[in-house]
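Everything below concerns the one structure shown next.
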Amino acid sequence: MSYISENVIPGNYGKTFGTDAKEKRDLEQIQKELMKLEGITEVILIEGFPKEFKVHTSKVVQISDIEKKVSALGFHLVPKSFFPL
């Protein structure tokens, strides 16, 4: 694993995650909980299938911290690749 694959780096690009949450209210609950983490400035819900959201930060945030928040709600999380191929 590398520094970039284990963290969300501040900047315009952000990091995209896939989730098994299907209902809009579940995605909004994930969004609300992630906004409580220090350093997260924005969580954008992406319409479509599979369900995804993008996280923007003001400082380095560990992906494991994001995974713990989502797991506590009963959902799973999969980080997408760094850059589109």
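Restricting attention to region 6-21, and to residues there that are in a strand (DSSP E or B) and of a type in the set (Val, Ile, Thr), which single residue is surrounded by the most Cβ atoms within 10 Å (Cβ to Cβ)?
Within region 6-21, the match that is surrounded by the most Cβ atoms within 10 Å (Cβ to Cβ) is 8.
Filter region 38-57 down to residues that are over 16 Å from residue 6 (Cα atoms) and out of contact with any Leu (no Cβ under 6 Å at 6 or more places or on another chain), then give me how many there are.
So the answer is 11.
Matching residues to (1) touching a residue at least 40 places away in the same chain (Cβ under 8 Å); (2) surrounded by 15 or more Cβ atoms within 10 Å (Cβ to Cβ); (3) touching a strand residue (DSSP E or B) at 6+ places or on another chain (Cβ under 6 Å):
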residue: 23; (1), (2), (3): no, no, no
residue: 31; (1), (2), (3): no, yes, yes
residue: 38; (1), (2), (3): no, no, no
residue: 52; (1), (2), (3): no, yes, yes
residue: 70; (1), (2), (3): yes, yes, yes
residue: 81; (1), (2), (3): no, no, no
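All but one of (1) assigned to a helix (DSSP H, G or I); (2) open to solvent by 40 Å² or more (accessible area, probe 1.4 Å) hold for residue 59; which doesn't?
Among (1) assigned to a helix (DSSP H, G or I); (2) open to solvent by 40 Å² or more (accessible area, probe 1.4 Å), residue 59 violates only (1).
The values are calculated or read from the model by the stated rules, or taken from the named source; none is laboratory data. Predicted model, so just to flag it, every value in this text is computed and none were measured. Every residue, glycine as well, gets a Cβ built from its backbone with ideal geometry; the counts of neighbours run over all protein chains shown. All accessible areas refer to the heavy atoms of the entire protein, side chains included, with ligands and DNA or RNA removed. Shrake-Rupley method; radii C 1.70, N 1.55, O 1.52, S 1.80 Å.
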